[in-house]
Amino acid sequence: ELFSFEIFFKPNQNGFSADLYQASFEKVVEYASTYGGALITVEGHSDPLGYLRKKKAGQPDVVLGQTKQSAKNLSLSRAVAVRDSIISFASGNSISLDASQFAVVGHGISKPKSGVCGDDPCAPKSEKAWRDNMRVEFRVLQIEAEESIFSPL
């Protein structure tokens, strides 16, 4: 991992203030320019509290499935918003980044910071833990696509 940072969101929102992350955006552009083969991952997340409340209340599986899908859609839209914001930032600095350089994923509620308890996400225990789940994790990774030296398996 060459560089990573997180962007946090308000509940049910995919917009954020890019100005707060300008120093991180500058590092991303620097690494993307320096390491042409770097893999840039943008992973969106959503908080599971709403899902867990519905499950505890005995809501039918169809409602639980819809809630999970909605959280997945929100997390993906957050990740796309971050990717697009960084591409726009780079363009404003006369550097071309292409959307294909990014691996964008929406995890929904499957990987909360509060952890996984059995088959379900763990419930956040504080407001901070609740807010920490509403995030995008951004990473620049240096990964070699091919081996440098032949060595039989």
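The values are calculated or read from the model by the stated rules, or taken from the named source; none is laboratory data. All values derive from a computational prediction rather than experimental measurement. We place every Cβ from the backbone using ideal geometry, glycine too, and count neighbours over all the protein chains shown. Side chains included, ligands, DNA and RNA excluded: accessible areas come from the protein's heavy atoms. Shrake-Rupley method; radii C 1.70, N 1.55, O 1.52, S 1.80 Å.
Helix 61-92 sits at what angle to the longest principal axis of the chain, using alpha carbons and giving 0 to 90 degrees rounded to 10? Between helix and principal axis, roughly 30 degrees. At a probe radius of 1.4 angstrom, the accessible area of region 76-153 per residue rounds to 61 square angstrom. Restriction of the GluC sites (Glu not before Pro) in region 68-153 to DSSP coil positions whose beta-carbon has at most 14 other beta-carbons within 10 angstrom yields Glu144, Glu146, Glu147.
Working note: Karplus 6.51/-1.76/1.60 with θ = phi - 60° gives region 122-128 the couplings 6, 6, x, 9, 8, 5, 4 Hz, where Gly and Pro are set to x. Each residue, Asn93 and Glu147, gets one label point 7 Å from its Cα in the Cβ direction; the gap between the two is 3.8 nm. Taking the protein heavy atoms of the chain in the context of the full set of protein chains, the accessible area attributed to carbon and sulfur is 51 percent at 1.4 Å.
Overall, the chain carries a charge dipole of about 980 debye about its Cα centre when +1 sits on the Cβ of Lys and Arg and -1 on the Cβ of Asp and Glu, all other atoms neutral. When restricted to Cα atoms, the chain yields an Rg and a Dmax of 17.8, 58 Å, respectively. Derived scalar couplings between HN and Hα for region 23-39 equal 4, 5, 4, 4, 5, 4, 4, 4, 5, 5, 6, 6, 10, x, x, 5, 9 Hz in order, rounded to whole Hz, by the Karplus curve 6.51 cos²θ - 1.76 cosθ + 1.60 (θ = phi - 60°), x for Gly and Pro.
Each of Val63, Ile143, Leu97 was scored by the projection of its Cα onto the charge dipole of the chain, and the greatest displacement toward the positive side belongs to Val63; charges sit on the C-beta of Lys, Arg, Asp and Glu. Ranking Ala23, Ala81, Tyr51 by Cα position along the charge dipole of the chain, where only Lys, Arg, Asp and Glu carry charges on their C-beta atoms, puts Tyr51 farthest toward the positive end. Look at where the Cα atoms of region 60-100 and of region 36-53 average out, and the two centres are 9 Å apart.
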